[in-house]
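Let me begin by presenting the structure, written as structure tokens, before commenting on it.
The values are calculated or read from the model by the stated rules, or taken from the named source; none is laboratory data. These numbers were taken from a predicted model, which means no experiment stands behind them. Positions of Cβ are backbone-derived with ideal geometry, glycine not excepted, and every protein chain shown enters the neighbour counts. For accessibility, only protein heavy atoms count, side chains too; no ligands or nucleic acids. Shrake-Rupley method; radii C 1.70, N 1.55, O 1.52, S 1.80 Å.
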Amino acid sequence: MKYKLVILDWDGTVMDTVPKIVNTINRVADQYAIPRASEDDTKSIIGLSLETALETLFPADAHRSTELAQAYKHIYKEVDSTPTKLFDGVEKVLKQLVDQGVKIAVATGKSRQGLNRLMVETGLESYFITTRTADEAQSKPSPDMLNQIITELSVAPKDAVMIGDTTIDMEMARQAGIDAIGVTLGVATSEQLEATSAMFIADEFEQLIEGLT
């Protein structure tokens, strides 16, 4: 393996949650009589911390972003029934990395509570040596999450790689000075990722092994 540390985004990278996120944001807009944003605009803010995402998407209502965020959390967990699942091959790849001595971490715009819940539900928590969420770091694309992780694990930037589905993830990696790999499973298209610093782009999760070796 090229890297000692693989850092994964969660939404749209490990788990197929993008449709549920979009639907939940639309429900929040409807609840507060805010005009819905386009699907492309809504997808474009996925990866940002929740309040930052809502402020960006609905700037006229930025003054109540905390209230909108609370509504989002309630609807996402208790109301919206859009199904979510792991992408095919996720656990197979994680096991292969761990078996080869690679450390795996998560850097996500989700909340700590949200990430912990999904890691338990999916049974993946044992694969990750550390995680960072929007509750513990500056919002992407700030490199803060990545800097915290590589510092905690004493891994040099050249030995780490960020894997994500958004141009935001790619920019975060660039700012942190680490390699980036894009996946077309969630938000960004192959063309959008090709315009970033991504050094490899995967259309399926299992293709990541090719970019990591």
Q.
Looking only at the stretch 42-82, filter to residues that are part of a loop (DSSP other than H, G, I, E, B) and hydroxyl-bearing (Ser, Thr, Tyr); which one of those is most open to solvent (accessible area, probe 1.4 Å)?
A. 81
Q: Inspect the stretch 132-139 for any residue being over 14 Å from the mean Cα position of the chain (by Cα), surrounded by fewer than 16 Cβ atoms within 10 Å (Cβ to Cβ) and part of a helix (DSSP H, G or I) and give the result as yes or no.
A: no
Q: Give just the number: which of (1) under 20 Å from residue 170 (Cβ atoms); (2) of a type outside the set (S, T, N, Q); (3) in a loop (DSSP other than H, G, I, E, B) does residue 21 not satisfy?
A: (3)
(Q) Can you find, within the stretch 6-33, the residue that is surrounded by the fewest Cβ atoms within 10 Å (Cβ to Cβ) among those that are free of Cβ contacts under 8 Å to residues at least 60 places away in the same chain and charged (D, E, K, R)? (A) 30
**Q.** Residue satisfying all of: in the stretch 155-213; in contact with a Lys or Arg (Cβ under 7 Å, 6 or more places away or on another chain), more than 20 Å from residue 129 (Cα to Cα) and β-branched (Val, Ile, Thr); surrounded by the fewest Cβ atoms within 10 Å (Cβ to Cβ) among these
**A.** 213
(Q) With the requirement that a residue be closer than 24 Å to residue 48 by Cβ, assigned to a helix (DSSP H, G or I) and open to solvent by 70 Å² or more (accessible area, probe 1.4 Å), what does the stretch 83-118 give you? (A) 113
Q. Only one residue in 54, 48, 118 is touching a Gly at 6+ places or on another chain (Cβ under 8 Å) and within 24 Å of residue 167 (Cβ to Cβ), so which one is that?
A. 48
(Q) Six or more apart or on different chains, Cβ atoms under 8 Å: show the pairs whose first residue is in the stretch 180-202 and under 18 Å from residue 93 (Cβ atoms) and whose second is in a strand (DSSP E or B) and modelled with pLDDT under 95. (A) 186/46
